[in-house]
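Asks: Take a look at the following structure, please.
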Amino acid sequence: MIKKPTTSSKHRTLFQKRGSLRKSDRGAVSIFLIFVTMVVFAVMAVMIDYARIAAFEWRTEAAAQTSIRSVMSAYEPALQERYGLFAYGQTDPALIAEAVLSDHSPRISDEFAWVNMEVGEHSSSVTRPLGRLEQFDQQVMEDMKYKAPVQIAYELIGKMKPVSGAMEEAAKTTELLNKVRKDFDKRNKELDHALRFQKQARDEAVGTDIKRSITEDIRFLFMDDSVGSISTAADIATQYADYVRMIREDAGLEEEDKIHSSTIRQYESDARNTADTMRRTIMKAQSRHFTHLDRSIQAVKEARAINQQMKITIQQVRASHPSEGYNQVGQSSIGETGQSSTADELKKINESVDSLVLPDSFFIDYENELQKQKTSFAQLDSDVGSFQSVVGSSLGGGGSASGLRSSVTSMWRLWEQYERDYVKLPRNIISDREQEIGKLKASDDERRRLEKEANESLNQATSLLSTLANMDNAVASHRDAYQDVRTKADAIKAFNQKPLPEGEYGGSLNRDPSDAAEESMKDMNQLYTGLGEFMIGARERLYRNEYAFNYFTSYDPTKLQGLFKSKNPTEELIQSLSIHNQELEYIMYGFHDPVMNLSAAYGEIFGMRLAIRTMEGFVQCAGGGHPLIILACAVAKGVSMALSDMLQLVTTNAVPLSMYTPNIRLSYSDFLRLFMMMHGSKDDMVIRMLALIHYNTGIDPIKQGTYGELQLHTRMKLWFLPGLMQMLGQTGALGGDVKDGYYETSRVSAYTY
């Protein structure tokens with residue numbers, strides 16, 4: 001018999017079942033907690049190592065940067081102290097890097113090391129030599145970016161501003177007058193040729209003695225005369241009636257009975273010979289007359305073409321702008337404002353040039369006049385030919401005395417008209433034309449006198465420069481130094497693959513004073529262009545120039561005082577011509593010679609003084625009237641004053657900028673700074689600077705680097721899950737690699753001066 005369970009037994013059974021369930025739940029929870037703990041541990045381990053890796057990366061970067069900075073701190077002190085340049089020295093960069101990196105390597109210590117960096121392979125190099133032009137330029141720009149603008153603005157622009165407006169007008173006026181002067185002289189020379197050929201044509205006509213061949217006195221033409229000797233055309237006409245009478249008296253008589261046969265034959269022979277001779281003579285004269293007048297007409301046409309070119313030249317010069325730099329400097333806020341009255345006076349002189357151009361009517365009238373002269377003599381030639389025909393047809397009695405008289409009268413009248421127009425004095429067409437052409441050259445005598453004065457002063461200036469340039473034998477001891485610098489410059493040139501010309505300016509002066517003045521004005525245009533470029537931000541060239549001025553020597557001009565006065569070089573002067581005393585001149589001009597650079601510098605100084613003094617001369621000579629006399633006067637004063645300035649410069653090392661700015665003075669070094677803006681290739685000047693640096697310090701810029709680079713490989717042992725970190729590294733989440741439980745990374749760090 002089966003018993004039914006009681007209530008208590010039911011409860012006990014349920015409790016047992018529930019207990020078994022609790023035991024099962026606790027096991028599941030333990031596994032879950034273990035899993036959670038493992039995940040948390042893995043995450044924390046990854047995060048810890050990841051944080052260590054980040055710190056390790058930063059420390060590697062810091063180590064690389066610190067190392068390369070330490071390497072590049074070993075620069076050459078001689079370059080930095082003397083030239084403000086940085087270039088790596090002689091120490092092996094690997095030794096410096098090794099010493100710095102050793103501080104970052106692990107040390108035996110009881111302290112806990114969060115990031116224990118181990119330095120592996122590393123390499124360092126120093127490249128980009130200072131001898132590379134771009135590297136040198138970069139350091140020059142950095143050194144001068146604060147100093148140069150102030151120096152240029154106040155020491156150069158401020159000084160040149162007061163004369164900017166006047167120099168602009170002077171440059172235009174000098175160029176215009178000098179160009180027109182040459183065309184003016186060419187035109188007048190052609191007019192002289194035209195007048196000379198016209199006179200030669202007249203002389204050909206007069207040389208035929210045609211007047212005497214026609215008649216000695218026209219009054220006797222209307223009187224009959226007995227047959228006799230014949231020497232003029234009038235004799236043929238006046239004897240013709242008697243000649244006809246003789247023919248009639250002998251008519252019908254036998255030959256032996258004729259009483260006038262020989263006289264008749266003599267008249268006919270003389271009449272024919274006289275007419276033929278007149279014809280031949282006048283034909284030859286007419287050919288030469290025609291040729292001379294054709295040449296004269298051609299000369300007039302040439303003169304007209306030159307006159308037209310004068311118009312074009314005036315238009316072109318006035319339309320051109322010498323340099324925007326004049327306005328840019330003149331409008332700057334630095335320095336004093338110039339005198340506008342001076343520029344206004346120069347403008348008036350510029351406008352007066354129009355008076356030198358002749359109207360076209362002058363040439364048209366002159367050409368018509370020459371054509372008329374041709375026609376006038378051609379008509380006479382034609383009448384002489386007609387007279388010959390009349391004489392030929394009249395012989396034998398078939399003509400008339402009145403016909404011959406009429407022909408002779410026509411020839412006489414034509415010659416009388418030609419004589420009145422072109423031969424008789426005190427006035428005729430040719431003399432009037434000569435007087436008119438003479439007025440065009442009325443200024444020539446005064447111009448020649450002033451040009452002679454200018455030439456004498458210019459010859460003195462040339463003599464001074466040649467005295468300096470002709471010291472070759474005296475300065476032979478300095479040539480070795482220049483050749484040494486040349487060798488170094490050639491090496492830098494080859495290293496940069498740049499051409500280096502030998503000398504850029506000869507310092508010679510144009511032999512024509514007006515041409516020299518025009519060239520000096522062009523140089524002033526370049527000077528103000530350079531100053532204007534600085535005003536609008538083109539500063540690289542000026543920074544280079546100012547660097548050269550600050551760090552290299554220039555010559556002391558007072559050393560030349562004795563040479564310029566006595567022309568005998570002293571021992572002190574010869575010793576002063578060392579390259580150490582004229583580095584800036586060498587940088588500018590590039591002559592590997594002890595005197596050529598100085599000669600070039602003084603040639604340019606004379607040119608600049610000539611430009612400024614010529615500007616002053618225009619104002620002083622404005623009352624000269626004729627524009628070309630004003631030009632000659634201004635140039636004569638300009639050359640003379642420029643020569644005085646040269647002598648003053650070697651005496652006091654300073655000259656006033658202009659008579660209108662007596663308080664502004666320019667020293668020899670100021671002139672050099674200004675000239676560097678007028679010419680000079682940047683690359684050539686930089687090469688010469690580097691050659692001088694090598695020569696003066698013994699440090700070869702080709703071998704001294706300015707850019708350092710360090711390649712560093714480091715590793716750090718991971719604490720926790722290297723396999724997991726390696727998997728993360730494969731996904732690109734890490735910057736380096738995980739190998740054999742280490743995290744490895746590399747850095748490249750660079751530093752440049």
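The values are calculated or read from the model by the stated rules, or taken from the named source; none is laboratory data. Fair warning: this is a prediction, and the values are worked out from it, not measured in the lab. Counting neighbours? That spans all protein chains shown, and the Cβs are built from the backbone with ideal geometry, glycine included. Keep in mind that these areas ignore ligands, DNA and RNA; they rest on the heavy atoms of the full protein, side chains included. Shrake-Rupley method; radii C 1.70, N 1.55, O 1.52, S 1.80 Å.
Asks: So, in region 539-570, how many residues would count as being in a helix (DSSP H, G or I) and within 21 Å of N653 (Cβ to Cβ)?
Replies: Within region 539-570, residues that are in a helix (DSSP H, G or I) and within 21 Å of N653 (Cβ to Cβ) number 16.
Asks: Counting only residues that are among the small types (G, A, S) and not in a helix (DSSP H, G or I), which one in region 357-397 is least open to solvent (accessible area, probe 1.4 Å)?
Replies: Filtering first and then ranking leaves G397.
Asks: Out of the residues in region 578-600 meeting the condition of being under 16 Å from L468 (Cα atoms) and of a type in the set (A, V, I, L, M, F, W, C), tell me which one is surrounded by the most Cβ atoms within 10 Å (Cβ to Cβ).
Replies: Looking at the filtered set, the residue picked out is L598.
Asks: Those residues that are open to solvent by 10 Å² or more (accessible area, probe 1.4 Å) and assigned to a helix (DSSP H, G or I), I need them from region 217-228; list them, please.
Replies: I218, R219, F220, F222
Asks: Looking for something of a type in the set (G, A, S) and at pLDDT below 90 - is there at least one such residue anywhere in region 549-566?
Replies: Yes: region 549-566 contains one or more residues that are of a type in the set (G, A, S) and at pLDDT below 90.
Asks: If we scan region 311-334, do we find a residue that is open to solvent by less than 70 Å² (accessible area, probe 1.4 Å), within 30 Å of G397 (Cβ to Cβ) and not in a loop (DSSP other than H, G, I, E, B)?
Replies: For region 311-334, residues open to solvent by less than 70 Å² (accessible area, probe 1.4 Å), within 30 Å of G397 (Cβ to Cβ) and not in a loop (DSSP other than H, G, I, E, B): absent.
Asks: Here is a further query. Using beta carbons and a limit of 8 Å, which pairs, at least six apart or on different chains, have the first residue in region 544-556 and among the charged types (D, E, K, R) and the second one open to solvent by 40 Å² or more (accessible area, probe 1.4 Å)?
Replies: Close Cβ pairs (under 8 Å, with a partner that is open to solvent by 40 Å² or more (accessible area, probe 1.4 Å)) amount to R544/K682; E546/K147; D556/N581; D556/N653.
Asks: Enumerate the pairs (first residue in region 315-334 and over 12 Å from K172 (Cα atoms); second residue anywhere and basic (K, R)) with beta-carbon separation below 8 Å, excluding pairs fewer than 6 apart on the same chain, so at least 6 apart or on different chains.
Replies: V329/K161; G330/K161; S332/K161; I334/K161
Asks: Output the residues belonging to region 565-577 that are open to solvent by less than 20 Å² (accessible area, probe 1.4 Å) and either more than 16 Å from D472 (Cβ to Cβ) or hydroxyl-bearing (S, T, Y) (or both).
Replies: S576
Asks: Name the residues in region 229-265 that are at pLDDT 90 or above, in a loop (DSSP other than H, G, I, E, B) and under 17 Å from S394 (Cα atoms), would you?
Replies: Residues satisfying the conditions are I230, T232, Q239.
Asks: Would you say K179 is under 30 Å from I437 (Cβ atoms) and basic (K, R)?
Replies: Here the answer is yes, as K179 does meet what is asked.
Asks: How about region 342-355: which of its residues are open to solvent by less than 10 Å² (accessible area, probe 1.4 Å) and in contact with a Pro (Cβ under 7 Å, 6 or more places away or on another chain)?
Replies: Passing the criteria: I349, V353.
Asks: Does any residue in region 466-478 that is in contact (Cβ under 8 Å) with a residue 40 or more places away in the chain and among the polar types (S, T, N, Q) come within less than 8 Å, Cβ to Cβ, of a residue that is open to solvent by 60 Å² or more (accessible area, probe 1.4 Å) and part of a loop (DSSP other than H, G, I, E, B) six or more places away or on a different chain, and which pairs are these?
Replies: Short answer, once both residue conditions are applied: T467/K567.
Asks: Name the single residue that is farthest from Y243 (Cα to Cα) among those in region 398-428 being part of a helix (DSSP H, G or I) and of a type in the set (D, E, K, R).
Replies: D421
Asks: Could you list, in sequence order, all residues of region 716-753 that are β-branched (V, I, T), more than 27 Å from M72 (Cα to Cα) and at pLDDT 70 or above?
Replies: V738, the sole residue that qualifies.
Asks: Could I ask something else about it? Where the second residue is at pLDDT 70 or above and among the hydroxyl-bearing types (S, T, Y) and the first is within 12 Å of A45 (Cβ to Cβ) and lies in region 714-739, which pairs have Cβ atoms under 9 Å and are six or more apart or on separate chains?
Replies: L718/Y742; L718/Y743; P722/Y742; P722/Y743; M725/Y50; M725/Y743; L728/Y50
Asks: Return the residue satisfying two criteria in turn: it lies in region 734-752 and is touching a Gly at 6+ places or on another chain (Cβ under 9 Å) and closer than 30 Å to Q135 by Cβ, and of such residues it is least open to solvent (accessible area, probe 1.4 Å).
Replies: Here the answer is S749.
Asks: If I filter region 60-74 down to residues being surrounded by fewer than 17 Cβ atoms within 10 Å (Cβ to Cβ) and out of contact with any strand residue (DSSP E or B) (no Cβ under 6 Å at 6 or more places or on another chain), which single residue comes out as nearest to Y547 (Cα to Cα)?
Replies: This residue is S73.
Asks: Then there is this: Just to be sure, is A74 within 49 Å of the chain's Cα centre (by Cα) and without any contact (Cβ under 8 Å) to a residue 60 or more places away in the chain?
Replies: Yes: the conditions hold for A74.
Asks: In the set E519, E451, E502, which member is at pLDDT below 90 and either acidic (D, E) or surrounded by fewer than 15 Cβ atoms within 10 Å (Cβ to Cβ) (or both)?
Replies: Of the residues listed, the single one that is at pLDDT below 90 and either acidic (D, E) or surrounded by fewer than 15 Cβ atoms within 10 Å (Cβ to Cβ) (or both) is E502.
Asks: Same structure again: Would region 165-178 turn up any residue that is under 23 Å from R544 (Cα atoms), in contact (Cβ under 8 Å) with a residue 40 or more places away in the chain and surrounded by fewer than 23 Cβ atoms within 10 Å (Cβ to Cβ)?
Replies: Taking every residue of region 165-178 in turn, none turns out to be under 23 Å from R544 (Cα atoms), in contact (Cβ under 8 Å) with a residue 40 or more places away in the chain and surrounded by fewer than 23 Cβ atoms within 10 Å (Cβ to Cβ).
Asks: Follow-up question, since we're still on this one. Quickly run through region 686-715 and pick out the residues that are within 14 Å of A87 (Cβ to Cβ) and among the acidic types (D, E).
Replies: Hit for region 686-715 is D700, nothing else.
Residues are listed down the side, and each one gets a yes or a no for (1) more than 28 Å from C633 (Cβ to Cβ); (2) among the aromatic types (F, W, Y); (3) modelled with pLDDT of 95 or more:
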{"site": "S296", "(1), (2), (3)": "yes, no, yes"}
{"site": "R304", "(1), (2), (3)": "yes, no, yes"}
{"site": "Q315", "(1), (2), (3)": "no, no, no"}
{"site": "I334", "(1), (2), (3)": "yes, no, no"}
{"site": "L346", "(1), (2), (3)": "no, no, no"}
{"site": "V353", "(1), (2), (3)": "no, no, no"}
{"site": "L358", "(1), (2), (3)": "no, no, yes"}
{"site": "F362", "(1), (2), (3)": "no, yes, yes"}
{"site": "S376", "(1), (2), (3)": "yes, no, yes"}
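Asks: Being in contact (Cβ under 8 Å) with a residue 24 or more places away in the chain and on the phi > 0 side of the Ramachandran plot is the requirement here; does G392 meet it?
Replies: The answer is no for G392.
Asks: Scan region 535-581 residue by residue and report those that are under 16 Å from S669 (Cα atoms), over 26 Å from the mean Cα position of the chain (by Cα) and charged (D, E, K, R).
Replies: The answer is D556, K559.
Asks: In addition: Read through the list (1) in a helix (DSSP H, G or I); (2) open to solvent by less than 50 Å² (accessible area, probe 1.4 Å); (3) over 30 Å from A63 (Cβ atoms), then give the number of the only condition that Q135 fails.
Replies: That leaves (3) as the condition not met.
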